[in-house]
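The values are calculated or read from the model by the stated rules, or taken from the named source; none is laboratory data. Remember, predicted model here, so these are calculated numbers, not experimental data. Note that each Cβ is placed from the backbone with ideal geometry, even for glycine, and that neighbours are counted across all protein chains shown. What goes into the accessible areas is simple: the full protein's heavy atoms, side chains included, and nothing from ligands, DNA or RNA. Shrake-Rupley method; radii C 1.70, N 1.55, O 1.52, S 1.80 Å.
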Amino acid sequence: MHDIRTIRENPAAFDAAQSRRGDAPVSSDLLAMDEARRAKIQAAETAQAEANKAAKEVGAAKGRGDEAEFERLRALVADKKAEIARLNDEAKAEDERLTAALAVIPNVLADDVPDGADENDNVEVTRWGEPRNFTFQALEHYDIPAVQPSMDFETAAKMSGSRFVLLSGAVARVHRALAQFMIDVHVDENGLTETNPPVLVRDEAMYGTDKLPKFGGDSYRTEEGMWLIPTSEVPLTYIAAGHVIEENYLPRRYTAHSLCFRSEAGSAGRDTSGMLRQHQFEKVEMVSVTHPDELDAEQKRMLRCAEDLLERLNIPYRTVILCAGDIGFGARRTYDIEAWLPGQNAYREISSVSTTGDFQARRMNARFKPADGGKPQFVHTLNGSGLAVGRCLIAVLENGQQEDGSVTLPAVLHPYLRGKTRITANGELA
């Protein structure tokens with residue numbers, strides 16, 4: 001959510017910032033709504049002052065026996081009360097109209113976000129690891145012999161339709177081991193608080209984390225009006241909603257392994273094979289609630305937390321900063337980490353680490369109290385995948401595949417698999 005006072009002070013700068021995303025200027029429309037709202041408020045305040053003055057004079061007129069003046073003033077007070085009520089209702093309607101307009105305008109980008117139209121204009125900032133030189137044709141994850149017995153799309157489609165998968169046996173266990181490995185590192189080494197949040201949330205939580213009203217079509221809603229979370233960013237960030245946090249309590253760092261649900265609206269025809277793009281998936285999420293002065297440093301810290309996991313798994317990756325035309329609605333700056341998938345001969349996104357500034361905090365009224373006793377300020381929030389478990393599974397399977405159809409598993413997962421080191425060509429852990 002944007003602060004209308006900032007737009008009022010420099011509308012040209014606001015329009016210029018939105019134009020970087022390819023959006024048309026909107027400040028004139030917003031300021032017209034703001035002016036109408038403020039005019040109604042001012043008129044109500046003037047009417048209230050007139051009513052207060054008349055109310056004081058009513059008693060004096062009664063005391064001196066001036067019945068005509070008494071009746072006139074009493075009628076004036078009644079008229080003013082009705083006028084005030086009408087003006088307050090109109091001001092509220094204008095305020096709701098302005099709030100609704102502000103709610104669908106994306107965040108202002110950080111200055112260092114590169115210009116560009118789409119993902120082709122994202123800028124690589126780092127690369128780690130060398131893609132393996134296969135002496136045979138690398139397969140996509142679902143075609144690897146070791147994987148096929150444990151990755152069933154047909155049965156899942158019978159149950160739920162397309163974009164679902166039924167994992168079993170060795171692959172299901174490796175999937176679980178990956179999530180446990182990620183959570184353990186985040187909690188034991190990265191200082192995040194493990195959290196097990198609800199996966200059903202109310203409108204307020206979705207709105208506060210900028211998923212509503214604009215992106216309701218991307219998520220699933222129950223008949224009772226609850227939302228299945230698209231990511232545990234939603235409940236983890238919303239922990240701070242409505243609170244005034246002591247400054248010395250910041251930063252608050254959370255992690256959760258949760259189911260996530262997305263309708264994938266608008267993705268028809270994209271990644272239809274395999275489990276790269278699913279309606280239901282699992283993700284280990286990182287969320288930080290922090291002081292504004294620590295925002296950029298916190299994003300770099302979170303990015304390293306995610307990159308480090310891939311390095312421990314020995315998965316080559318590259319990190320890119322998203323350009324203005326590819327960045328998400330609520331983000332000021334986003335880094336994507338893309339894992340190397342030899343079956344596709346391409347780098348594919350496995351984590352996004354974003355800073356939203358105070359964009360979400362304004363929507364959910366999350367503030368902190370400065371240690372020096374100053375006025376409460378909005379906290380700043382960040383979120384990042386650490387990592388997407390299913391996509392990480394794909395990367396582990398494809399990078400570890402062997403010519404005989406088996407899969408060699410990363411050493412960091414062996415303790416989670418009771419010493420098992422590979423999936424045999426017939427789909428057994430060994």
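Under the condition of being open to solvent by less than 80 Å² (accessible area, probe 1.4 Å) and charged (D, E, K, R), the residues counted in the range 88-108 number 3. Only one entry of Arg304, Arg318 meets the criterion of being under 25 Å from Phe181 (Cα atoms), basic (Lys, Arg), in contact (Cβ under 8 Å) with a residue 24 or more places away in the chain and surrounded by fewer than 20 Cβ atoms within 10 Å (Cβ to Cβ), and that entry is Arg318.
Check whether at least one residue in the range 231-243 is within 21 Å of Gly384 (Cα to Cα), of a type outside the set (Lys, Arg) and open to solvent by 30 Å² or more (accessible area, probe 1.4 Å), and report yes or no.
Initial filter on the range 231-243 (within 21 Å of Gly384 (Cα to Cα)): 231-241.
Narrowing the set further to residues that are of a type outside the set (Lys, Arg) leaves 231-241.
From what's left, open to solvent by 30 Å² or more (accessible area, probe 1.4 Å): 238-239.
The answer is yes; a qualifying residue exists.
For Val353, the conditions (1) among the hydrophobic types (A, V, I, L, M, F, W, C); (2) assigned to a strand (DSSP E or B); (3) surrounded by fewer than 17 Cβ atoms within 10 Å (Cβ to Cβ) all hold with the exception of (3).
Of all residues in the range 419-430, those that are touching a residue at least 40 places away in the same chain (Cβ under 8 Å) and on the phi > 0 side of the Ramachandran plot have Cβ atoms under 7 Å from Cβ atoms of residues that are among the aliphatic types (A, V, I, L, M) and assigned to a loop (DSSP other than H, G, I, E, B), 6 or more apart or on another chain, in Gly427/Ala146.
If you take just the helices (runs of 4 or more DSSP H) that sit entirely in the range 1-78, which of them hold at least 1 residues that are under 30 Å from Lys211 (Cβ atoms) and in contact with an Asp or Glu (Cβ under 8 Å, 6 or more places away or on another chain)? Quick ask: steps written out before the conclusion?
On the way: elements: 4-9, 11-19, 27-63.
Of the helices (runs of 4 or more DSSP H) lying wholly inside the range 1-78, those with at least 1 residues that are under 30 Å from Lys211 (Cβ atoms) and in contact with an Asp or Glu (Cβ under 8 Å, 6 or more places away or on another chain) span 4-9, 27-63.
Just one residue in the set Ala411, Ala395, Ala366, Ala346 is open to solvent by 40 Å² or more (accessible area, probe 1.4 Å) and either more than 17 Å from the chain's Cα centre (by Cα) or of a type outside the set (Asp, Glu) (or both); that residue is Ala411. Filter the range 414-429 for residues that are loosely packed, with under 14 Cβ neighbours inside 10 Å and farther than 17 Å from Arg176 by Cβ and give the result. Listed by number, the list holds a single entry, Asn426. If I filter the range 128-136 for residues that are farther than 17 Å from Arg348 by Cβ, part of a strand (DSSP E or B) and in contact with a helix residue (DSSP H, G or I) (Cβ under 9 Å, 6 or more places away or on another chain), do I get at least one hit? No, the range 128-136 contains no residue that is farther than 17 Å from Arg348 by Cβ, part of a strand (DSSP E or B) and in contact with a helix residue (DSSP H, G or I) (Cβ under 9 Å, 6 or more places away or on another chain).
Out of Ala43, Ala85, Ala54, which single residue is modelled with pLDDT of 90 or more and surrounded by 14 or more Cβ atoms within 10 Å (Cβ to Cβ)?
Exactly one residue qualifies, and that residue is Ala43.
Considering the range 204-230, and only residues there that are touching a Leu at 6+ places or on another chain (Cβ under 6 Å) and not in a strand (DSSP E or B), the residue that is surrounded by the fewest Cβ atoms within 10 Å (Cβ to Cβ) turns out to be Met226.
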